[in-house]
Amino acid sequence: MTSETGLLEVIALDANDAERAQAGGADRLELVTEMAQDGLTPSLTTVRDVLGATDLPVRVMLRDNGSFAAIDLDGLRADAVALVEAGAREFVFGFLTSDSEIDVEACRVLAKELDGLPWTFHRAIDSSRDPVRAYDWLADLGCDTVLTAGHPNGVGSGLSVLQRLTRREGPALLVGGGLRTQHVHLLRAGGVRGFHVGSAVRPGGWESEVDTGRVREWAELVKG
């Protein structure tokens with residue numbers, strides 16, 4: 001859920017990241033591994049460690065390969081069951097067909113497995129044939145949030161699409177992917193309240209830990 005004052009979601013890779021993000025004022029975490037593949041499902045051990053290190057909401061990635069294809073749907077279903085048993089209560093996933101349309105069936109199968117738990121449809125939408133039409137479809141799939149930059153190349157290239165999405169009824173928009181501080185004022189003015197950052201709060205790159213000071217700066221910007 002976003003609020004009138006804004007929501008900041010931070011990518012975490014481990015428990016240390018979670019603690020540092022919370023200390024900086026993050027509102028929610030996206031937990032992933034393997035950022036070289038843009039984020040895959042973390043291990044059960046990592047999930048348990050992170051859930052034990054923070055009381056923030058944690059959205060856990062369900063993705064087993066570097067594409068947006070649901071290649072092993074049975075495996076993803078098994079992962080979902082195991083993650084719920086490990087304590088996960090919020091999720092992130094999203095799939096496209098070979099025609100770059102939303103893979104409605106795959107998303108419905110996983111959503112059914114999660115039995116009403118909240119989930120975000122991630123940036124697969126930016127690679128869909130028509131992101132605005134895809135967003136309209138997602139309202140019927142049960143996700144409460146859509147993570148998008150408006151374009152595969154990032155927010156800087158997707159501002160026009162993001163402006164169109166803010167005018168539509170549907171899941172909450174969470175804007176991330178190449179997000180820069182200079183984008184926030186414009187997006188907030190257009191009605192965006194949810195913001196998602198990863199590398200922006202890791203000045204040393206993905207091999208470094210989350211920088212609490214950077215998170216604090218973003219939190220003040222998003223909620224100011």
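The values are calculated or read from the model by the stated rules, or taken from the named source; none is laboratory data. Predicted model only: the values in this text are computed from it and were never measured. Positions of Cβ are generated from backbone atoms using ideal geometry, with glycine treated the same way; all protein chains shown enter the neighbour counts. Heads up: the accessible areas ignore ligands, DNA and RNA and are worked out on the full protein's heavy atoms, side chains in. Shrake-Rupley method; radii C 1.70, N 1.55, O 1.52, S 1.80 Å.
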- Message: Whole angstrom only: what separates the Cα centroid of the stretch 46-69 from the Cα centroid of the stretch 142-203?
- Response: 21
- Note on the structure: accessible surface per residue for the stretch 38-163, probe 1.4 Å, DNA/RNA/ligands not counted, whole Å² -> 42
- Item | Net charge, residue 99 excluded, C-beta distance under 14 Å - Lys, Arg +1, Asp, Glu -1 | -2
- Message: Run the simple label-point estimate for residue 55 and residue 189 please: 7 Å along Cα→C-beta, distance reported in nm.
- Response: 3.8
- Item | Added length on full extension, which subtracts the Cα-Cα distance from 0.36 nm per residue, residue 81 to residue 180 | 32.1 nm
- Helix-only CD estimate at 222 nm, as mean residue ellipticity for the chain, using -39500 (n - 2.57) per DSSP H run (n ≥ 4): -11500 deg cm²/dmol
- Once you list every other residue whose beta carbon is under 11 Å from the beta carbon of residue 116, what net charge do they have if Lys and Arg are +1 and Asp and Glu are -1? -1
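Report the calculated FRET efficiency for residue 105 and residue 37 (r = Cβ-Cβ distance, R0 = 22 Å), to the nearest 0.05. All intermediate terms of the calculation are to be shown ahead of the outcome.
Numbers: r = 23 Å, r/R0 = 1.07.
Calculated value: 0.40.
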- Task: Report the local net charge at residue 69: Lys and Arg +1, Asp and Glu -1, summed over other residues whose C-beta lies under 11 Å from its C-beta.
- Result: -2
- Query: residue 164 to residue 97: extension gain in nm, 0.36 nm per residue of separation minus the Cα-Cα distance?
  - Reply: 21.8 nm
- If a/c stays under 1.5 just call it rounded; otherwise compare a/b with b/c (prolate if a/b is bigger, oblate if not). Do that for the chain, with a ≥ b ≥ c from the square roots of the Cα gyration tensor eigenvalues. oblate
